[in-house]
Amino acid sequence: MNARILYLDDDAAIVRLVEKALGRSGHTVVHAEHLEAAMQLLADSEFDVIVLDHYLRQMTGHDVLHRLRGEGILLPVVYVTGSSEASIAVEALKAGASDYVIKTVSDDFMPLLASAIEQSVANAQLRLAKARANEEIRLAKERAEALLAEVNHRVANSLALVAGLLRLQIGNSRSAEAKAELTETQARISAIAGMHRSLYTSDDVSRVEMDKYLANLVTEIAGSLKSREKAIPLLLDADTISLTPDRAVSVGMIVTELATNAFKYAYPGDASGEIRIRLKTSDSENTALLTVEDDGIGFSSGAAPRGTGLGSRIVNSMAASLGTGISYPPVDRGTVAEVPINLGT
Ligand SMILES: Nc1ncnc2c1ncn2[C@@H]1O[C@H](COP(=O)(O)OP(=O)(O)O)[C@@H](O)[C@H]1O
Ligand SMILES: [Mg+2]
């Protein structure tokens, strides 16, 4: 190691001795006789370490230490004191010195000073390297998160474009049946787009806040399905739960299918009523229960579908991917669909 050492001491003779001794180990010693000279040298050139004597003419080394820290100079300081009084050394360490050496007439002084200097420089370099590595990790994480948000933004926009194309096709289609089926497909695509959108608007790029995601989803479903003849309100009550993107999108798809079904089938003709969607954490902390219910005509799950039956297949495969299943508890009126959701860790 070749350290550049700033030696602040008003005793020029001892600094010359130190310079000779440390020069042999490849170190460079620059002498400053007082604080002002030291500050000037620090401003003009680079040093690895400061050696500071306790007894200076105008002030003590303690005063110098406070000045250095006050000026934002963070170089390691090796404190040299002529007195073996422990309180002086302790005070210096408290004020930020990295080590201290007691100035004696014995031969020990030079090797002790050299080792204190080398140790302090090595520690400072390690600290700096660690701080740099941490900063690099922080920046890399920030860049990755920004990139992920950007990707989610683009995916959401591309899916919105696809949904828009479908909307055009629905507008141009002459078949009522085709219109209805394309409308359902459009709702499914919007459910996926919404998941990506909620990822780039959230603070955590790896989790979807389900209450916000479902609120947007429900508004979109209501918008795409609403009929001119009757009002069927979609009511949402969701706890603040966050899920990983793949689980969130599975839940979104299930909600889309069940709400669409309730819209289409629960209230035929002039009948109307509400559709209630709930996502609530249960008492056993680690699960939530998704329920979609209506007060309509109800159905028996064994009966043949009036439509294609595609919705039930989507729901079953999404539930399976969540490691759960859907059940329809018996009710007096309407339909209640329940899907327990494991919240994991
Ligand atoms: N909330 C509900 N109220 C009444 N009937 C329902 C309800 N949900 C589903 N159904 C019945 O279940 C059938 C299967 O639904 P689904 O698998 O989504 O297929 P699709 O929507 O294409 O008909 C529907 O055709 C309908 O008869
Ligand atoms: Mg359906």
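The values are calculated or read from the model by the stated rules, or taken from the named source; none is laboratory data. None of the values given here were measured: they were computed from a predicted structure. Cβ: placed from backbone, ideal geometry, glycine included. Neighbour counts: every protein chain shown. Accessible surface areas use protein heavy atoms only, side chains included; no ligands, DNA or RNA. Shrake-Rupley method; radii C 1.70, N 1.55, O 1.52, S 1.80 Å.
Some observations on this one:
- Radius, Kirkwood style, for the chain when every pair of distinct Cα atoms is counted (Å): 26.3
- Gain upon complete extension [V151, A304; 0.36 nm per residue less C-alpha separation]: 50.9 nm
- Dipole magnitude (debye, nearest 20) for the chain, charges at Cβ of Lys, Arg, Asp, Glu: 1620
- In segment 20-70, the GluC sites (Glu not before Pro) that fall in loop regions by DSSP, at most 11 other Cβ within 10 Å: E46
- Cα-only Debye scattering, segment 4-133: base-10 log of I(q)/I(0) at q = 0.17, 0.20 Å⁻¹: -0.86, -1.23
- Segment 1-35: trypsin sites (Lys or Arg not before Pro) in DSSP loop, at most 15 other beta carbons within 10 Å: R24
- When each of K226/K280; K179/K212; K94/K141 is checked by Cα-Cα distance, pairs over 32 Å: K94/K141
- Interchain or long-range residues, amide H under 5 Å from G334's placed H: G296, G298
- Segment 173-342: Rg to Rh, with Rh as the Kirkwood radius over Cα pairs: 0.95
- Sites listed here are trypsin sites (Lys or Arg not before Pro) in segment 281-344 whose DSSP assignment is loop and whose Cβ has at most 13 other Cβ atoms within 10 Å: R306, R333.
- Two-site FRET efficiency, K179 against R138, from Cβ-Cβ distance with R₀ of 56 Å, rounded to 0.05: 0.60
- Of the residues L159, I170, Q186, the one whose Cα sits farthest towards the positive end of the charge dipole of the chain is I170 (charges of +1 on Lys and Arg Cβ, -1 on Asp and Glu Cβ, taken about the Cα centre).
- Within the assembled protein chains, the solvent-accessible surface assigned to H153 is about 70 Å², based on a 1.4 Å probe.
- Over segment 59-178, the reciprocal of the mean inverse Cα-Cα separation, the Kirkwood hydrodynamic radius, stands at 20.1 Å.
- Descending principal axes extents, segment 1-76, alpha-carbon based, whole Å: 33, 23, 18
- Highest-MSF residue in the chain out of A122, A180, A86 [GNM, Cα springs under 10 Å]: A86
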